[in-house]
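Scroll down for the structure; my scribbles are underneath it.
The values are calculated or read from the model by the stated rules, or taken from the named source; none is laboratory data. Given the structure is predicted, the values throughout are model-derived calculations rather than measurements. For neighbour counting, all protein chains shown are included, and Cβ atoms are generated from backbone atoms with ideal geometry for every residue, glycine included. Just so you know, the surface numbers come from the protein's heavy atoms only, side chains and all, with ligands and any DNA or RNA stripped out. Shrake-Rupley method; radii C 1.70, N 1.55, O 1.52, S 1.80 Å.
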Amino acid sequence: MEILIVAATTMEIKLIVDELEKVEEESHFVKTYRFGDFNIDILVTGIGSSFATFHLTNALREKKYDAVINVGLAGSLTQELKIGEVVNVVSEEFADLGIEKQHEFLTLFESGYMGMNDFPFENGLLKASNSNGWIKLKKVKGITTNKSYGRDSSIAEMREKFTAHVESMEGAAVFYVCNWMGVQCYEIRSISNYVEPRDSAKWNIPLALVHLKEALSVILKQVPAPVG
């Protein structure tokens, strides 16, 4: 099975890469590693949906993959998730794509520029592929923004608008590209912090990275063989 792992930064996949044997460098952005009995490609896109969209689209044009797994850190919008917990994000929304009016923010769906079920959206959501049980992690909803929220006012507005559990800066872009290009897609995120007024002393990035590496190792060992 041809797997492409997509991360925004080298930091987010360094721990697992350190345990792998490098096979070749497909490009400046894509590198191939040996994992057990098969190879995996790893793409580091840079932070944000624009970079993720561009580099993932290029990678999928260059090579045929059976599945894309987006991995990385995330902020939790709920205290029900623990710092260091790893989750399976099964739906995504672009939380900063729309129109700001004087007293409210309207998504492209609410403003009438897009239909809620215009492909590849389903009721306004971008959805992951069905893992059929081989990803055994808590399922959550995500939002994607091109900024990391850190002010009381903007956090309150975002919480009122969306019902997601986690926030990232690339997830929806990965789902959007993969759905258009007919590639199975999944998103695995490790909680490094809560979305609240920024205080890095409350974050635990090292713990989140260790747990992300451990979860990804388990997932890759369970990858099903391709049909046909």
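Show me the GluC sites (Glu not before Pro) within region 7-61 that DSSP assigns to loop and that have at most 16 other Cβ atoms within 10 Å of their Cβ.
E19, E26
Considering only H165, S217, I13, whose Cα is most displaced toward the positive end of the charge dipole of the chain, charges sitting on Cβ of Lys, Arg (+1) and Asp, Glu (-1)?
Of the options given, the answer is S217.
Quick one: the Cα spread of region 74-157 along its three principal axes, in angstroms, biggest first?
Answer, in whole Å and largest first: 43, 34, 18 Å.
Of all beta bridges DSSP finds with both residues in region 1-51, what is the antiparallel percent, to the nearest 5?
Antiparallel bridges make up about 65 percent of those DSSP assigns within region 1-51.
Is there a quick way to get the dipole size of the chain? I mean about its Cα centre, with the Cβ of Lys and Arg at +1 and of Asp and Glu at -1; what is the value in debye to the nearest 20?
320 debye
Tell me which of F109, S200, N179 sits at the most positive position along the dipole axis of region 94-217, charges placed on C-beta atoms (Lys, Arg +1; Asp, Glu -1).
Farthest along the dipole direction, towards plus: S200.
When a/c is below 1.5 the answer is rounded, else prolate if a/b is larger than b/c, else oblate, so apply that to region 2-59 with a ≥ b ≥ c taken from the square roots of the Cα gyration tensor eigenvalues.
Note, shape of region 2-59 comes out prolate.
Report the Stokes-Einstein translational diffusion coefficient (µm² s⁻¹, integer) for region 137-180, Rh taken as the Kirkwood radius over Cα pairs, at 4 °C with viscosity 1.567 mPa s.
Approximately 112 µm²/s, per Stokes-Einstein.
Rounded to the nearest whole Å², what accessible area per residue is found for the chain with the 1.4 Å probe?
In whole numbers, the chain has 51 Å² accessible per residue.
Over all Cα pairs of region 170-219, how is the pair count split among 5 Å bins, expressed in % and running from 0 up to the last occupied bin?
Whole-percent P(r) values from 0 Å outward: 4, 18, 18, 16, 19, 14, 8, 3, 0.
What nm value, rounded to one decimal, do you get for the distance between F38 and Q79 when each label is placed 7 Å out toward the C-beta?
4.2 nm
Using just the helices of the chain, give the 222 nm mean residue ellipticity in deg cm²/dmol: DSSP H runs with n ≥ 4 each add -39,500 (n - 2.57), and the total is spread over all residues, rounded to 500.
The per-residue figure over the chain is -8000 deg cm²/dmol.
Provide the percentage of antiparallel DSSP beta bridges, counting only those with both residues in the chain; round to the nearest 5.
40 percent
How much length would be gained if the chain were fully extended between F119 and R151, taking 0.36 nm per residue of separation minus their Cα-Cα distance, in nm to one decimal?
Between F119 and R151, full extension yields 8.2 nm more.
Using only alpha carbon pairs under 8 Å that are at least six residues apart, calculate the relative contact order of the chain and give it in whole percent.
RCO, the chain: 28 percent.
Stretch E110-T57 to full length: gain in nm at 0.36 nm per residue minus the Cα-Cα span?
Between E110 and T57, full extension yields 16.3 nm more.
With Cβ to Cβ distances under 14 Å as the rule, what net charge do the other residues near K101 carry (K, R +1; D, E -1)?
With Lys, Arg at +1 and Asp, Glu at -1, the net is -3.
Over region 132-228, how many percent of alpha carbon pairs lie in each 10 Å bin up to the one with the longest distance?
12, 38, 34, 13, 2, 0
Report the rotationally averaged projected area of region 4-117 based on its alpha-carbon convex hull, in square nanometres.
So the Cα hull casts an average projection of 10.1 nm².
Please state, to two decimals, what the Cα-based radius of gyration of region 65-122 comes to when divided by 2.2 N^0.38 Å (N = residues).
1.51
Just to be sure I understand the model, the point goes 7 Å from the Cα along the line to the Cβ. What's the resulting H103 to S200 distance in nm?
Roughly 3.9 nm, to one decimal.
Expressed as a fraction of 2.2 N^0.38 Å, the rule-of-thumb size for a compact globular protein of N residues, what is the C-alpha radius of gyration of the chain?
Ratio of Cα Rg to 2.2 N^0.38 Å: 0.99.
How many percent of the accessible area of the chain is carbon or sulfur, using a 1.4 Å probe?
Reported share for carbon and sulfur atoms: 51 percent.
Would you be so kind as to identify which of S76, L125, S49 lies farthest towards the positive end of the dipole of the chain, taking Lys and Arg as +1 and Asp and Glu as -1 on Cβ and the Cα centre as origin?
S76
Tell me the GluC sites (Glu not before Pro) within region 34-104 that lie in a loop according to DSSP and have at most 16 other beta-carbon atoms within 10 Å.
For GluC sites (Glu not before Pro) across region 34-104 that sit outside H, G, I, E and B with at most 16 neighbouring Cβ atoms in 10 Å, the list reads E80, E104.
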